[in-house]
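Heads up: the structure comes next, in structure tokens.
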Amino acid sequence: MGSMEGPMSETVTADGRTIGGVLMEMRGITLRFGGVTAIKDISFDIREGEIRAIIGPNGAGKSSMLNVINGFYHPQDGEIWVRGKKRRALRPHQIAHQGIARTFQNIALFKGMTTLDNIMTGRFTKMRAPWWQQAVWAGPAEREETANREIVERIIDFLEIQPIRKTPVGRLPYGMQKRVELGRALAAEPKLLLLDEPMAGMNVEEKEDMSRFILDVNDEFGTTIALIEHDMGVVMDLSDRVVVLDYGQKIGDGTPADVRNDQAVIDAYLGVPHD
Amino acid sequence: MSADFLNLIEVILNGLMAGVMYALVALGFVLIFKASGIFNYAQGVMALFAALTLVGLQQGQVPFAHLIKAVTGLDVHHWWSMPTLLALLVTVGVMILFAFLVERLILKHLVNQEPIILFMATIGLAYFMEGFGDLMWGSEIKKLDIGIPSGGSFWLEEATIGWAAEGERYFGMYIDLLDVWATVIAVLLVVSLMLFSQYTKTGRALRAVADDHQAALSVGISLRTIWVIVWSIAGFVALVAGIMWGSKLGVQFSLSLIALKALPVLMLGGFTSIPGAIVGGLIIGVGEKVFEFAIGPMIGGATENWFAYVLALLFLVFRPQGLFGEKIIERV
Ligand SMILES: Nc1ncnc2c1ncn2[C@@H]1O[C@H](COP(=O)(O)OP(=O)(O)OP(=O)(O)O)[C@@H](O)[C@H]1O
Ligand SMILES: [Mg+2]
């Protein structure tokens, strides 16, 4: 298959976006759960400003890979390098503070809170006022709250969810919940955004909206995005490069066109038995 | 108005105020349960410990006086009686330190354990604190007075004495001022907690952790920090409850048993609902007083000991998720 290990220099895509050097590099990641090897010696990189898709059949290890990246899982083997520096083992909340935000395959919103509060919670890493200032609603804490509230309102406008601002998210339909979850991740102004099946279970119209939001985020804010998606049409439309996993192993890596024509990838998707 | 009716009103008012106190204790449980899924058996002992510390500081007791005497032979038992306000602040500090230690020494090592194991850990904690409190401050009954007015309200008695119908024997309504103050303070406490959790970053983080641990981590919230905060708040609530009950009954071991009063409140209100704890507390407070007033004399009285539990049991049978709890639907 065609290798896409491009140069470290910047490249400009057909639609005029700039893709920079390597933002994050996975080197030889292996993750086991007891007897199950969810990820087997996988290496790939994510470049600054790109949309990187991770695809593969059910149980391939895609979500596990995202969980490794954001620190929920600690691999038994392998290293993660961020902008040329090896990342030490960190806990998930520390990784969030380093600018990595995510959504979940099975929506993980704060069900009791409104849309507004959910997205506001996404600003957690950006708010600094100590608790005792918050408690008495002191000047700096209040100003911080107001400033962050404005940013959240802009995100709400961007995602076109003004009508549900004050609705407890538990009551929203599935597609809307996915959108709010994206909003919460965006609120962190992440440098790397991880999306685990952002369009799963959506109808065509909802998928189109979500695709547009993802492209806009990448285009307007230059946010690097790694996304897992099953819908090949969506993957082809959105992503700059695709990494393909199957049974915990990497079986393909390249542009969407490369990957689509790759025999190993076709076999994996058609369910050709492994021997 | 008939005297019976006026008496009933008095009973209901007293029940409401008792209910607020129950709610306060239940609130401590709910806070910790929501944030960490732990049923904190030590909540009652925390109230006792906080009250002991407050009295000790206020009266200038030397901590561990018995121990010091046993080890060194020095007989020190009094140093400096702190002014009440300072003693209060120091006690709050002690409860925060306690929260910190609980997280460091216990919770940190038990993350992701079964709820029953965490529960057992809090049982251990309760007995340890009980002994530690004794060792630190002695086990004799102490009087707690931080200047909250107490005794019957003469004003109310005077005001109501003429309400009864002509010719009936009625001496006015009796309400203890301490109960009134306790109610006011408890209400203020609950309202400020609600405001804090609604409108501040840390408050939102508390609610976030209560809703979903993974999601909370993913936005950068440290569970361990939140646990320290939650246990500190629960410690503060315990202090307030300890002061109220301690002022009424004296500070002694039985103070820790107020936790038992919170149990039926929790069954009624649900373990995860703050409004549930409050409404549950009020229902039990009023329910047990009215039941004792109306039915008690017919069945030999002393119904207050068991009424709350029977009510809670009925609830468990017909509405196991509590008043406001979400319906538990098993996923298949
Ligand atoms: N926490 C866990 N404990 C045990 N096994 C796990 C855990 N998480 C994942 N696995 C296992 O690791 C393998 C990969 O799972 P993963 O969720 O990463 O797959 P996936 O590619 O995201 O699949 P899907 O498309 O169905 O979401 C599976 O065999 C799964 O059962
Ligand atoms: Mg998955």
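The values are calculated or read from the model by the stated rules, or taken from the named source; none is laboratory data. Values in this document were obtained by computation on a predicted structure and should not be read as measured data. Because the Cβ atoms are built from the backbone with ideal geometry, glycine has one as well, and the counts that use them run over all protein chains shown. Ligands, DNA and RNA are stripped out before the accessible areas are found, and what is left, the full protein with its side chains, is counted by its heavy atoms. Shrake-Rupley method; radii C 1.70, N 1.55, O 1.52, S 1.80 Å.
Of note:
- Subset of the stretch A:226-237 [open to solvent by less than 10 Å² (accessible area, probe 1.4 Å) and more than 11 Å from ligand 1 (Cβ to nearest atom)]: A:ALA226, A:LEU227, A:VAL235
- Residue match in the stretch A:110-120 (condition: touching a helix residue (DSSP H, G or I) at 6+ places or on another chain (Cβ under 8 Å) and within 16 Å of ligand 1 (Cβ to nearest atom)): no
- Here B:TYR22 does not qualify as part of a loop (DSSP other than H, G, I, E, B) and surrounded by 14 or more Cβ atoms within 10 Å (Cβ to Cβ).
- Output for the stretch A:72-93, where each listed residue is more than 13 Å from ligand 1 (Cβ to nearest atom), within 20 Å of A:GLN249 (Cα to Cα) and open to solvent by less than 50 Å² (accessible area, probe 1.4 Å): A:GLY78, A:ILE80
- Annotation: A:ASP262 fulfils all but one of (1) within 16 Å of ligand 1 (Cβ to nearest atom); (2) open to solvent by 10 Å² or more (accessible area, probe 1.4 Å); the unmet one is (1).
- Residues located in the stretch B:191-210, provided they are open to solvent by less than 70 Å² (accessible area, probe 1.4 Å) and either within 7 Å of chain A (Cβ to nearest Cβ) or without any contact (Cβ under 8 Å) to a residue 12 or more places away in the chain (or both): B:SER192, B:PHE196, B:SER197, B:THR200, B:LYS201, B:THR202, B:GLY203, B:ARG204, B:ALA205, B:ARG207, B:ALA208
- In the stretch B:211-248, the residues that are of a type in the set (S, T, N, Q) and part of a helix (DSSP H, G or I): B:GLN214, B:SER218, B:THR225, B:SER232, B:SER247
- Residue satisfying all of: in the stretch A:173-206; on the phi > 0 side of the Ramachandran plot and within 16 Å of ligand 2 (Cβ to nearest atom); surrounded by the fewest Cβ atoms within 10 Å (Cβ to Cβ) among these: A:GLY201
- When A:GLU205 is tested against (1) outside any helix (DSSP H, G or I); (2) modelled with pLDDT under 95; (3) out of contact with any Asp or Glu (no Cβ under 9 Å at 6 or more places or on another chain), only condition (1) is not met.
- Top-ranked residue in the stretch A:54-63 [being open to solvent by 20 Å² or more (accessible area, probe 1.4 Å) and more than 14 Å from chain B (Cβ to nearest Cβ); ranked as farthest from ligand 1 (Cβ to nearest atom)]: A:PRO57
- Listed conditions (1) within 16 Å of ligand 2 (Cβ to nearest atom); (2) open to solvent by less than 10 Å² (accessible area, probe 1.4 Å) are all met by A:ILE51, apart from (1).
- Total residues in the stretch A:94-138 satisfying the condition of being within 16 Å of ligand 2 (Cβ to nearest atom) and buried (at least 24 other Cβ atoms within 10 Å of the Cβ): the figure is 2.
- When the stretch A:102-144 is filtered for residues that are more than 7 Å from every other protein chain (Cβ to nearest Cβ), of a type in the set (Phe, Trp, Tyr) and not in a loop (DSSP other than H, G, I, E, B), only A:TRP132 remains.
- Filter result for the condition that a residue is away from chain A (no Cβ under 14 Å) and open to solvent by less than 70 Å² (accessible area, probe 1.4 Å), over B:ALA182, B:ALA216: B:ALA182
- Residues being open to solvent by less than 70 Å² (accessible area, probe 1.4 Å) and closer than 19 Å to B:VAL209 by Cα - total across the stretch B:93-105: 3
- Residue match in the stretch A:214-225 (condition: within 16 Å of ligand 2 (Cβ to nearest atom) and either surrounded by fewer than 18 Cβ atoms within 10 Å (Cβ to Cβ) or within 14 Å of chain B (Cβ to nearest Cβ) (or both)): no
- The residues in the stretch A:21-57 that are over 18 Å from the mean Cα position of the chain (by Cα) and part of a loop (DSSP other than H, G, I, E, B) can be counted, and the count is 4.
- Residue in the stretch A:151-172 that is out of contact with any Lys or Arg (no Cβ under 6 Å at 6 or more places or on another chain), open to solvent by less than 40 Å² (accessible area, probe 1.4 Å) and facing chain B (nearest Cβ under 7 Å) present: no
- Inter-residue pairs, beta-carbon under 6 Å, first on the phi > 0 side of the Ramachandran plot and not assigned by TED's automatic domain parsing to the domain that holds A:PRO92 and in the stretch A:56-69, second open to solvent by 20 Å² or more (accessible area, probe 1.4 Å) and more than 8 Å from ligand 2 (Cβ to nearest atom), 6+ apart: none
- Residue in the stretch A:76-84 that is within 14 Å of chain B (Cβ to nearest Cβ), among the aromatic types (Phe, Trp, Tyr) and touching a Lys or Arg at 6+ places or on another chain (Cβ under 7 Å) present: no
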